[in-house]
1. Taking 7 Å along the Cα-to-C-beta vector as the label spot, tell me the residue 129-residue 13 distance in nanometres, rounded to one decimal.
2. Could you rank 223, 52 by how accessible they are, 1.4 Å probe, largest area first?
3. Residue 126 accessible area, nearest 10 Å², 1.4 Å probe?
4. Tell me whether segment 153-198 comes out rounded, prolate or oblate; compute the Cα gyration tensor, take square roots of the eigenvalues as a ≥ b ≥ c, and use a/c under 1.5 as the rounded threshold.
5. Between residue 64 and residue 217, what is the label-point separation in nm under the 7 Å Cα-to-beta-carbon projection?
6. Anything over 22 Å Cα to Cα? Flag those among 122/182; 129/202; 129/251, in the order listed.
7. Sorting check: for 179-188, 195-204, which peptide has the highest mean count of neighbouring beta carbons within 10 Å, and how do the rest follow?
8. Per residue, what accessible area does segment 144-184 have, given a 1.4 Å probe and all protein chains present, in Å²?
Amino acid sequence: MPFADQFSDLTVLDLAVHAIDILLVWFVLYKLITVIRGTKAVQLLKGIFVIVVIRVFSELLGFNTLAWIMEQVMLWGVLGIMIIFQPELRRALEQLGRGKLFARGNLQEDEERNRLVEAVTKSVSYMAKRRIGALISFERETGMGDYIETGIPMDSNLTSELLINLFIPNTPLHDGAVIIQKNRIAAAACYLPLSESPFISKELGTRHRAALGVSEVTDSITVVVSEETGAISVTANGELQRDLELEEFSKIIRREWFGEKETADSSARWNWRGKKNNG
């Protein structure tokens with residue numbers, strides 16, 4: 001067979017070069033995927049995949065008009081991708097220029113994870129006791145770049161002391177949300193979208209509405225400390241859990257932020273649209 005003859009003509013060195021070439025391509029693709037993971041580009045890529053599938057099936061089924069439309073969409077899609085993915089492309093080029101594109105992080109290490117949870121818990125405890133209002137949002141899979149741009153960029157190490165100081169009343173950055181990316185404070189004084197749901201409890205103020213609002217459009221987890229009562233609340237996936245004890249708050253942060261396994265009854269306390277735990 002011609003293919004078998006071609007393959008037999010390759011030397012061991014040729015095979016090794018081809019194998020390394022394939023591995024390098026896979027490694028580069030993997031790293032590029034990690035760059036866009038956690039951004040809105042992921043959802044757009046799903047949309048592109050749907051368009052490709054429609055194009056193939058319309059061709060197979062003889063839907064000529066639909067196939068022509070999909071072909072035009074794909075033809076101009078490259079320009080569209082460059083425009084739509086501009087923030088992600090810029091971020092990737094910046095990381096490549098800094099030599100960070102292929103850097104390996106140690107965020108998942110237990111020591112660093114414990115430090116982050118302890119820092120957040122300590123700061124929230126301090127502010128709750130003194131009734132210092134706070135709004136802290138943790139980015140997960142869906143990127144929060146649009147909201148980070150509305151605030152003051154920081155790119156600072158996450159420490160309890162810094163978090164507390166950001167929310168001290170009458171300071172320049174106390175009004176608005178702090179957004180955390182991985183293990184760093186990305187920005188402060190950020191504006192989050194307010195939830196317009198008519199089912200939200202009338203007791204909730206602007207901070208709680210902002211926390212619910214951002215949880216409806218992203219998969220972020222957001223922490224609220226009430227300025228009136230000092231109560232600690234957490235929102236995720238459009239749901240609000242209120243009046244948390246500090247130990248329970250720490251468990252929720254570990255579960256929602258880092259994906260640690262939850263306890264037996266921890267999921268039962270999530271409340272719909274801000275209703276209290278006791279009914």
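The values are calculated or read from the model by the stated rules, or taken from the named source; none is laboratory data. Note that this is a predicted model, so its numbers are computed, not measured. In this analysis, Cβ positions are derived from the backbone assuming ideal geometry, glycine residues included, and neighbour counts consider all displayed protein chains. The accessibility values were calculated without ligands, DNA or RNA, using every heavy atom of the protein model including side chains. Shrake-Rupley method; radii C 1.70, N 1.55, O 1.52, S 1.80 Å.
1. Between residue 129 and residue 13, the simple spin-label model gives 7.1 nm.
2. On the way: 223 0, 52 60 Å².
Result of the area sort, largest leading: 52, 223.
3. Rounded to the nearest 10, the figure is 90 Å².
4. On the way: a/c = 2.40, a/b = 1.44, b/c = 1.66.
The shape class here is oblate.
5. Rounded to a tenth, the inter-label distance reads 4.4 nm.
6. On the way: 122/182 18 Å; 129/202 24 Å; 129/251 19 Å.
Flagged as over cut-off: 129/202.
7. 179-188, 195-204
8. In whole numbers, segment 144-184 has 54 Å² accessible per residue.
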